[in-house]
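Q: Here it is, the structure in full.
The values are calculated or read from the model by the stated rules, or taken from the named source; none is laboratory data. All values derive from a computational prediction rather than experimental measurement. Cβ placement follows ideal geometry from the backbone for every residue including glycine, while neighbour counts extend to all protein chains displayed.
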Amino acid sequence: MRYLLVLLAVVALLAETVAAAPPLRRESIRVALVKGSESVRLDGDGMLVTDENGEPLRIALPAQVRRTRDALSVGSRTVRRLTAASPGAVIVNGKRYRGAIEISPVDKGLVVVNELPLEEYLVGLINCEISSQWPIESVKAQAVVARTYAVFQKRARAGALYHLESSVLDQVYDGCEIEDSRALRGVNETAGEILAYNGQPIQAFYHSNCGGRTEVAENVWGFPLPYLRSVDCAYCATSPSLRWEQTIPLKKLESLLKGAGVQVQGLRDIREGKRNGSGRLSDISLVSARGTTSMPAVAFRKAIGYTVIKSTSFTVRVANDTAVFAGTGYGHGVGLCQWGTRQRAADGFSYREILSYYYPGTVVYKLYDGQAVNAH
Ligand SMILES: [Zn+2]
C-alpha cells in the first residue's frame, strides 16, 4: 500500500511537470534558414525592415544583405542586425516565409533565422517531410511528431540563436511555398498535441523507412531512451524506398573516409561486421595493405553520405576494386517510420494508434487549446 501511495505521488508529480509547462498558445519557433553564406537576397511586399535598435531602415527592395567584418551592409547602411517582417511573406533567396526574418553576422558568414508561430511552421513542414496527399491519419501523425520534436529542441536550445536547423539535421523546412489544405488540416486537427513520456516532451526521432524493424536509440546515438524501442514494422515493405543499391569504387570510398578523418591507406576490401538486434550492422571492417580496422557502421554511413548509404542495414561485396552495397530502409531507423505510418493509416489505424505503436509508453498531451491556423 505504501508503495502504491509513493507511486501515485510520483505519477501526480510527473503529471504536474507537463501541466506546469508554460502555455505555448502563442509560442514561436526559431529556425535557421541560411548559415555561413556571405550574402542573402531579401524581398517582400509591404515589408518593415528594422535595425538592431528597432529603428526602421528605408531600403530599396529587393536588397542584397552582405556581411562586412562583424556587421551587415545593406544599401548604403551598416547595421549590427536586421529584422524583416511582412503581412504576407518575407522572401529570402527567392523562397517565401511567414513570420519574421532575422539576419545576424556570426563567426563564419551570416545566419538567417525565421521566427514564426509553431503551428504555422508545421503547416509548411508537412510537405517537406512527407506528402500531404498521404492518408490524413499519417499527416496528423507527422504533425504531432514534428511538433514534439520542435518543442523538445526549443527547450534543449533555450537561449541559443535558433532552435532548429531547416535540414535533415533536424527537420526539413522550406518555408510556406508548399502549404496546402491537407497539411493545414493535419496540423489543425492535432493542434497543440505532443507526445510525452513521464510528463516530459519526448525526443520524437523519426525516419523515412525502417526496412522492416525500427532501431533503438542506443545503437545510433549511444544513449537509450525508454520510448525508442525496436518494433516490427512490416508496413513499409511496399514502399518504393525499401531497397537500395550503390556501386562505389574503393578509391572513392577511401577518399571519402579520409575526408571524414578515418585513417585508411590502400583500401582492398570492406566486410560486414557484427549485426545488432534489429539486423542492422553494428560495425564494418576495412581491409587495407596495413591490416584490418573496424569502424561503427553509423560512422561509416555518415562518412560516405546519408543519401548514398541509405541505412546501416546492408550487405557489401567487393569485386574488381568496386564495392556493391545492397540495403533496405532509408534513415537511422529510430522512432516513427514514415512509410510504415502511411500504410498503417491506409489500413485504417488512427494517428494515435500509430504513434503509440512507434513510441511505446508515450501519451498524447495537449500543450494548449491550439488556436487553429488560418488558411492564408
Ligand atoms: Zn517501417
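Q: Name the single residue that is farthest from Gln246 (Cα to Cα) among those in the stretch 315-341 being within 16 Å of the ligand (Cβ to nearest atom) and part of a strand (DSSP E or B).
A: Residue satisfying both the conditions and the ranking: Leu336.
Q: If you don't mind, there's one more thing I want to ask. Taking the stretch 98-139, which residues are farther than 27 Å from Gly159 by Cα, at pLDDT 95 or above and either crowded, with 21+ Cβ neighbours inside 10 Å or not assigned by TED's automatic domain parsing to the domain that holds Gln171 (or both)?
A: Trp134, Glu137, Ser138, Val139
Q: Shifting gears a bit: Give the stretch 218-252 a look and list any residue that's without any contact (Cβ under 8 Å) to a residue 12 or more places away in the chain, more than 16 Å from the ligand (Cβ to nearest atom) and not in a helix (DSSP H, G or I), or say none.
A: Across the stretch 218-252, the qualifying residues are Gly222, Phe223, Pro224.
Q: Oh, and also: Going residue by residue through the stretch 250-271, is there one that turns out to be hydrophobic (A, V, I, L, M, F, W, C) and closer than 22 Å to Glu129 by Cβ?
A: Looking through the stretch 250-271, none of the residues is hydrophobic (A, V, I, L, M, F, W, C) and closer than 22 Å to Glu129 by Cβ.
Q: Could you tell me how many of the residues in the stretch 253-268 are out of contact with any Ser or Thr (no Cβ under 7 Å at 6 or more places or on another chain), surrounded by fewer than 16 Cβ atoms within 10 Å (Cβ to Cβ) and either in the same structural domain as Trp339 (by TED's automatic domain parsing) or outside any loop (DSSP other than H, G, I, E, B) (or both)?
A: Selection size over the stretch 253-268: 3.
Q: Quick one: which strands (runs of 3 or more DSSP E) sit completely within the stretch 89-196 and have at least 1 residues that are within 25 Å of Tyr368 (Cα to Cα)?
A: Strands (runs of 3 or more DSSP E) meeting the threshold: 95-97, 100-105, 110-117.
Q: How about the stretch 51-65: which of its residues are buried (at least 17 other Cβ atoms within 10 Å of the Cβ) and assigned to a strand (DSSP E or B)?
A: Ala63, Val65
Q: Is it the case that some residue within the stretch 361-368 is within 15 Å of the ligand (Cβ to nearest atom) and under 29 Å from Thr238 (Cβ atoms)?
A: Checked the stretch 361-368: no residue is within 15 Å of the ligand (Cβ to nearest atom) and under 29 Å from Thr238 (Cβ atoms).
Q: While we're on this one: Select from the stretch 194-217 the residues that are within 16 Å of the ligand (Cβ to nearest atom), surrounded by fewer than 24 Cβ atoms within 10 Å (Cβ to Cβ) and at positive phi and list them in ascending order.
A: Of everything in the stretch 194-217, just one residue is within 16 Å of the ligand (Cβ to nearest atom), surrounded by fewer than 24 Cβ atoms within 10 Å (Cβ to Cβ) and at positive phi, namely Gly212.
Q: Being on the phi < 0 side of the Ramachandran plot, part of a loop (DSSP other than H, G, I, E, B) and not hydroxyl-bearing (Ser, Thr, Tyr) is the filter; apply it to the stretch 277-310 and report the residue that is surrounded by the most Cβ atoms within 10 Å (Cβ to Cβ).
A: Among residues in the stretch 277-310 that are on the phi < 0 side of the Ramachandran plot, part of a loop (DSSP other than H, G, I, E, B) and not hydroxyl-bearing (Ser, Thr, Tyr), the one surrounded by the most Cβ atoms within 10 Å (Cβ to Cβ) is Arg280.
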